[in-house]
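Novice: Quick one: this structure, given as structure tokens, is what I'll be asking you about.
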Amino acid sequence: MPTTSSAPGKVYLFGEHAVVYGEPAVPCAIERRASVTVRERDDDRLRVSADDLTLDGFTVEYGVDGGSPDVDVPTPLIEAAMGYVDASVAAARDAAGRPQAGFDVEIESDIPLGAGLGSSAAVVVAAVDAATRELGVELAPEEVAEYAYEVEYEVQEGEASRADTFCSAMGGAVRVEGDACETLDAPDLPFVVGYDGASHDTGALVAGVRALKDEYDFAEDTVEAIGDLVRQGEDALAEGDVAELGRLMDFNHGLLSALGVSARSLDEMVWAARDAGASGAKLTGAGGGGCIVALDAGDSTETALSLTPTCAEAFRASLAHEGVRAE
Ligand code: MEV
């Protein structure tokens, strides 16, 4: 019997990028999930196929020692996705003490890849959970989060925080500051997402912020300012003060722009959302292209975004209360 697990994507209410340097962040899981099905093989090979990564489907096969895939990897984005799956399977082999275990892995996802909605974290969390369960090991969501963080850290060459993987494993709203991760009580916030259809390389964007911070004091100060803003945001979240959360999201977007990670397409969507009456709007995730998140209880933001030339897709996203789960 194959084993299937799923895990949610996320939006950042506050704190992306600064979280990499030990400032707090508050990501929230959303009801868009990645689902990974794993079947143990008789040999030690790894065969990965994906039908729906908002790209053309693909199938790639590797030996247990990594090495070269048997077919050409079609695009850099798929190559990146393969890196995450490869490392997730290695983590599961490690957790189960079965270094030679081979798998067929199937990925299905309705989270756009590399767009700021935590697609890689969701795939890694679901893959670690499914592959360990397939080998007879039941991990708690906190343990899945730990393995998944190590995978992201390795694949992104040290440029990763625990935020995405912890949020995807636990679900709901979470707070991450350095190694300290906790779940938060949060109201069901009226998230609207705008997606420009583009993808980004998270590792490269994080490295860009690090370089800016090393060269300019203002960038160092900006990272600290984001941390202060997140702490204020936590109070607003605890009080369910959507107007204040929106104001702080607007400030957070400005600070992320100062760090050089916004893009014209993202700025246009942010302004379209604000003009339509959203309480606030900001880019979410690594930036450079991908998604913005706005707060709006009515329909006006979604409609305005869908009419914005740089917006390929606009949708409402509810908080995913459940993190990783067996399907
Ligand atoms: C990417 O979704 C979020 C970043 O803060 C990187 C990370 O936390 O690992 C940009």
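Novice: Once you have a ≥ b ≥ c as the square roots of the Cα gyration tensor eigenvalues for segment 191-317, tell me rounded if a/c is under 1.5, and otherwise prolate or oblate according to whether a/b is larger than b/c.
Specialist: oblate
Novice: Then there is this: Want the number for residue 100 to residue 201: 0.36 nm per residue separation, take away the alpha-carbon distance, what's left?
Specialist: 33.3 nm
Novice: Quick check: the distance between the Cα centres of segment 173-205 and segment 281-318, to the nearest angstrom?
Specialist: Each part's Cα centre sits 14 Å from the other's.
Novice: If I model a spin label at residue 275 and residue 318 as a point 7 Å from the Cα along the Cα→Cβ vector, what separation in nanometres do I get?
Specialist: 3.1
Novice: Let me ask something else about it. Name the residues of segment 264-290 whose amide N is less than 19 Å from a point 7 angstrom out from the Cα of residue 303 along the C-beta direction?
Specialist: Counting only backbone N, you get 269-280.
Novice: Continuing with this model, one more query. Just to be sure I understand: with springs between alpha-carbon atoms less than 10 Å apart, which residue in 177, 31, 154 has the highest mean-square fluctuation in the Gaussian network model of the chain?
Specialist: Largest GNM mean-square fluctuation: 154.
Novice: What's the local net charge at residue 263, with K and R +1, D and E -1, over the other residues with C-beta under 15 Å away?
Specialist: My count for the surroundings of residue 263 gives -3.
Novice: Could you give the Stokes-Einstein D for segment 235-298 in µm² per second, using the C-alpha Kirkwood radius, 20 °C, 1.002 mPa s?
Specialist: Answer, rounded: 183 µm²/s.
Novice: Rank-order 166-175, 318-327 by packing density, defined as the average count of other C-beta atoms within 10 Å over each peptide's residues, highest first.
Specialist: Descending mean neighbour count gives 166-175, 318-327.
Every number here is computed from the coordinates shown, using simple stated rules; none is lab data. Keep in mind that this is a model prediction, so the values were computed, not measured. Neighbour counts run over all protein chains shown; Cβ positions are idealised from the backbone, glycine included.
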